[in-house]
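Step one of this worksheet: look at the structure below.
The values are calculated or read from the model by the stated rules, or taken from the named source; none is laboratory data. Please read these numbers as outputs of a predicted model, since none were measured by experiment. We place every Cβ from the backbone using ideal geometry, glycine too, and count neighbours over all the protein chains shown. With ligands, DNA and RNA removed, areas are computed over all heavy atoms of the protein, side chains included. Shrake-Rupley method; radii C 1.70, N 1.55, O 1.52, S 1.80 Å.
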Amino acid sequence: MKIILCGYGGHMGREVRACAERDEYSEIVAGVDPMIPADGICVSSFADCKTDADVIIDFSHHSMTGALLDFAEKKALPVVLATTGQTEEEKARIQEAAQKIPVFLAANYSLGIAVLTDLVRRAAALYPDGEIEIVEQHHDRKLDAPSGTALALFNAVKEVRPAAEANCGRSGLGKRTKDEVGMHAIRMGNIVGVHEVMIGTQNERITLKHEAFSRGVFAEGSLKAAAFIVGKPAGMYDMKDLMKD
């Protein structure tokens, strides 16, 4: 599997490269990264990328979404989008691209998070009156809050509780509402990623938690997603599809 890696020089780009070196089925044949000097493999823009490949993995910045998808459509390449924080306009562009090429989109590429999301969905359905709080922790350099994964966990709740409303960073006076889901973001040090969901009643509480010890787990997941999406028809794919395969 030949891969073009967007965000080649970033921390996650380096993790994907290291993971691909250990995987006999994966090869990084080109990189795109405007933040580092061009070398024999990496170029600064998609216009300069002339290498043939099977798939694109994106760990760059959401501002590159438009140029990335333009290039992918032109080359008829499937895309694994592992960047979060997209604007509404960028999200619409992703949906548009999925009509022409296969697009794999996930807020988190850890298989453990996929399992957690499924458990949260099921628990929220089994406890329709349970109060729910979502707490996420990340390193102090993360830009978006709440994290894309926390939002995905909230959306899992909303699938079974359509009336659910997110309350991000609760403050001020007032009791929690019946449909409120509290969401809290912690930014500290070099935390890779911790996501905790609490579902409680007056008599008991369930706590579901996932902790990533290394960013390598996201790199591994992105390679699994890339292998899954190669050869698929145009459309949107996510971790639920990967787990079914």
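Structure data summary
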read-out: Max mean-square fluctuation residue, GNM over the chain, Cα-Cα springs under 10 Å, options Leu81, Leu68, Leu173; value: Leu173
read-out: Segment 97-245, dipole about Cα centre (Lys/Arg Cβ +1, Asp/Glu Cβ -1), debye to the nearest 20; value: 220
read-out: Net length gained if the chain between Leu119 and Thr207 were fully extended (0.36 nm per residue, minus Cα distance); value: 30.6 nm
read-out: Subset of Lys2/Lys74; Lys178/Lys244; Lys100/Lys158; Lys50/Lys240 violating a 23 Å alpha-carbon distance limit; value: Lys178/Lys244; Lys100/Lys158; Lys50/Lys240
read-out: Antiparallel DSSP beta bridges within the chain, percent to nearest 5; value: 35
read-out: Heavy-atom accessible surface of segment 155-245: percent carbon and sulfur, 1.4 Å; value: 52
read-out: Over the chain, volume per residue of the alpha carbon convex hull, in Å³; value: 136
read-out: Average accessible area per residue (Å²) across the chain - probe 1.4 Å, nucleic acids and ligands excluded; value: 51
read-out: Local electrostatic count, Gly130, Cβ distance below 14 Å [Lys/Arg +1, Asp/Glu -1]; value: 0
read-out: Centre separation in Å (Cα based) which lies between segment 102-167 and segment 176-242; value: 6
read-out: Potential lengthening between Glu27 and Lys74 on full extension [0.36 nm per residue; Cα-Cα distance subtracted]; value: 14.8 nm
read-out: Spacing of the two label points (7 Å from each Cα toward its C-beta) at His139 and Val194, in nm; value: 1.7
read-out: Sum of -39500 (n - 2.57) over DSSP H runs of 4+, divided by residues of the chain (222 nm, nearest 500); value: -10500 deg cm²/dmol
read-out: Cα coordinate range in segment 119-245, projected on the principal axes (Å, largest first); value: 51, 35, 24
read-out: Selection from Ser171, Phe46, Val103, by position along the positive dipole direction of the chain (Cβ); value: Ser171
